[in-house]
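Before I ask anything, let me first share the structure, which is written out below as structure tokens.
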Amino acid sequence: MSRTPRALAAVTLGVAASLAVTAAPAGAAERFTPGAPGAGDPYFPDMGNGGYDVAHYDIGLKYDPATKGIQAVTRVTARATQNLSRFDLDFLGPLKISSLKVDGRAASYTRTGAQELVVTPRKGIRDRRAFTVTVAYSGVPQTINDDALGVSGWVPTPDGAVMLNQPFGAAAVYPVNDHPTDKATYTYTLTAPSGLTTLANGDPRGRRTAGGWTTTRWDVRNPMASELAMIAIGRYDVATGRTKAGIPNLTATDRAMAIKPEDAKKFHDQTAEVTDFQNGLYGRYPFTSTGGIVVKAGVGYALETQGRPVYDLGRRPGGVPSTALLAHELGHQWFGDSVSPARWADIWLNEGFATYAEWLYTAAHGGTSVQKQFDETYASPASDGLWTGRVADPGRDHIFDGLVYDRGAMAVHVLRTKIGERAFSALLKAWPAAHRYGNASTKDFVRFAERLSRKDLDAWAKAWLYSEGKPSL
């Protein structure tokens with residue numbers, strides 16, 4: 001984020017699946033217990049759930065501009081990681097459930113706390129067994145306003161809406177295991193009046209129109225964290241093509257922004273150019289397509305939604321993102337999207353590297369050198385708020401502060417000077433390759449950098465990641 005300014009088939013469960021499960025020893029009682037109502041993240045205790053692992057989300061959503069609401073059916077394909085008597089999904093706000101089934105059979109459910117949807121199937125689900133949850137619901141999804149973290153969830157726009165999920169907006173739109181450690185593939189089937197455009201992550205897989213409504217289908221084949229899922233509905237001008245390296249590129253600009261055709265083309269072409277530049281710097285682009293969407297949503301930030309970042313340019317009608325902003329959000333595709341944090345406390349691994357991606361791109365294209373950008377940032381006096389807090393544990397309300405962006409980028413640069421150019425260049429490729437489509441922590445990164453560089457980095461990590469205050473050079 002920048003705040004500066006397979007599809008798996010539905011699993012048929014029957015006798016064969018039951019026989020595939022190892023039988024309990026004779027006389028042993030089979031014990032089924034509830035899945036945990038949280039993923040154990042200290043910053044967001046209610047986010048995520050335990051007892052199962054999601055493989056795929058199939059989201060069918062119809063938007064009605066007359067009511068500003070949706071009718072939706074989401075099917076979650078998952079696998080139990082324990083003997084489950086019941087389990088939770090995250091689902092918050094006023095959306096009303098009309099039907100909930102587990103493996104095609106009606107299941108009981110309750111909604112508790114701020115976001116827990118507690119599901120009790122007719123019988124327990126055995127460990128390692130695949131199952132599906134199908135939820136039909138409708139209403140106007142919630143827009144989340146958090147004083148520290150900003151706006152997320154379902155955000156109305158002048159002619160539609162956009163779904164922006166970081167850090168916990170997904171649960172406002174569809175039932176989900178809402179934590180970055182449970183990645184899944186996605187299918188979207190989006191319907192709106194024929195005068196509107198429907199967009200999402202992934203690759204377009206067809207379009208049909210009937211009775212004044214148009215439906216598009218989108219397929220996300222690479223695992224994706226729920227905070228990176230995106231939907232946009234409105235009046236957009238869409239451009240498609242390929243980068244010089246052959247990566248499919250889809251960009252869209254909101255007509256409410258009054259962007260000139262030549263500027264929309266510039267946005268499209270620069271997205272391709274930055275993607276290819278980073279493809280050479282960080283290793284193979286991790287997803288099936290690149291792109292971006294310029295929206296008028298009033299949130300005032302850009303977000304690294306997987307494969308297709310969203311840019312809200314605030315009070316800049318007619319403008320398109322700068323190349324530095326493109327470099328930041330597209331850099332996230334490696335750092336934050338493909339490799340996601342193990343806990344939200346590790347978010348500097350997203351934002352520090354994405355900010356450093358800006359520095360690298362700017363320097364490589366005739367702008368300020370990386371060293372000068374570091375020096376200018378480091379020049380902030382020790383009394384400045386920038387030096388308050390710890391980079392690797394900023395606190396729940398500070399995950400989008402300069403603490404993780406600017407100090408994170410400075411930490412990356414100091415690491416570069418410690419291990420040398422050759423090792424650093426190798427690190428930029430090896431780290432996202434080693435953890436592709438997975439999760440990693442700060443400790444994982446420090447150990448990885450030490451092994452690759454064959455240097456002791458304890459002093460660097462202590463000064464730049466784990467301590468408060470302005471480190472000495």
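The values are calculated or read from the model by the stated rules, or taken from the named source; none is laboratory data. In this text the structure is predicted, and so the values were computed from the model without any measurement. Here the Cβ is made from the backbone with ideal geometry for all residues, glycine too, and neighbour counts use every protein chain on show. Each accessible area value is taken on the protein alone, full model and side chains, heavy atoms only, with ligands, DNA and RNA left out. Shrake-Rupley method; radii C 1.70, N 1.55, O 1.52, S 1.80 Å.
What are the residue pairs meeting all of these: first residue in the range 225-249, first residue of a type in the set (Gly, Ala, Ser), second residue open to solvent by 10 Å² or more (accessible area, probe 1.4 Å) and in a loop (DSSP other than H, G, I, E, B), Cβ atoms under 7 Å, and 6 or more apart or on different chains?
Ala225/Lys183; Gly234/Asp159; Gly234/Leu196
Residue check: is Phe168 at pLDDT below 95 and buried (at least 18 other Cβ atoms within 10 Å of the Cβ)?
When the stated conditions are applied, Phe168 passes them.
Condition first: assigned to a loop (DSSP other than H, G, I, E, B) and closer than 24 Å to Pro432 by Cβ. Can you find one or more residues in the range 351-365 that meet it? It would help to see each step written out before you state the result.
The first filter runs over the range 351-365 and keeps only residues assigned to a loop (DSSP other than H, G, I, E, B), leaving 365.
Filter once more, keeping what is closer than 24 Å to Pro432 by Cβ: 365.
There is at least one residue in the range 351-365 that is assigned to a loop (DSSP other than H, G, I, E, B) and closer than 24 Å to Pro432 by Cβ.
Determine which member of the set Ala324, Ala363, Ala302 is among the hydrophobic types (A, V, I, L, M, F, W, C), more than 26 Å from Ala461 (Cα to Cα) and surrounded by fewer than 24 Cβ atoms within 10 Å (Cβ to Cβ). Break it down stepwise before answering.
Values: Ala363 fails: more than 26 Å from Ala461 (Cα to Cα); Ala302 fails: surrounded by fewer than 24 Cβ atoms within 10 Å (Cβ to Cβ).
Of the residues listed, the single one that is among the hydrophobic types (A, V, I, L, M, F, W, C), more than 26 Å from Ala461 (Cα to Cα) and surrounded by fewer than 24 Cβ atoms within 10 Å (Cβ to Cβ) is Ala324.
Is it the case that the range 231-241 has a residue that's within 18 Å of the chain's Cα centre (by Cα) and on the phi < 0 side of the Ramachandran plot?
Looking through the range 231-241, at least one residue is within 18 Å of the chain's Cα centre (by Cα) and on the phi < 0 side of the Ramachandran plot.
Sticking with this structure for a sec: When you go through Val155, Val135, Val220 one by one, which is the residue that is aliphatic (A, V, I, L, M), closer than 22 Å to Gly38 by Cβ and in a strand (DSSP E or B)?
None of the other options fit; the residue is Val135.
Is it true that some residue in the range 152-165 is farther than 18 Å from Thr305 by Cβ and open to solvent by 30 Å² or more (accessible area, probe 1.4 Å)? Please lay out each step first, then the result.
At the first step, the residues of the range 152-165 found to be farther than 18 Å from Thr305 by Cβ are 158-159.
Remaining after also requiring open to solvent by 30 Å² or more (accessible area, probe 1.4 Å): 158.
Among the residues of the range 152-165, at least one is farther than 18 Å from Thr305 by Cβ and open to solvent by 30 Å² or more (accessible area, probe 1.4 Å), which makes the answer yes.
Checking the conditions here, which among Lys123, Lys68 is of a type outside the set (A, V, I, L, M), at pLDDT 95 or above, out of contact with any helix residue (DSSP H, G or I) (no Cβ under 7 Å at 6 or more places or on another chain) and closer than 30 Å to Thr215 by Cα? Can you show your working first?
On the way: Lys123 fails: closer than 30 Å to Thr215 by Cα.
The conditions single out Lys68.
When the range 374-408 is examined, which residues are found to be touching a helix residue (DSSP H, G or I) at 6+ places or on another chain (Cβ under 8 Å) and within 16 Å of Glu358 (Cα to Cα)?
Within the range 374-408, Phe374, Thr377, Gly402, Val404, Tyr405, Asp406, Arg407, Gly408 meet the criteria.
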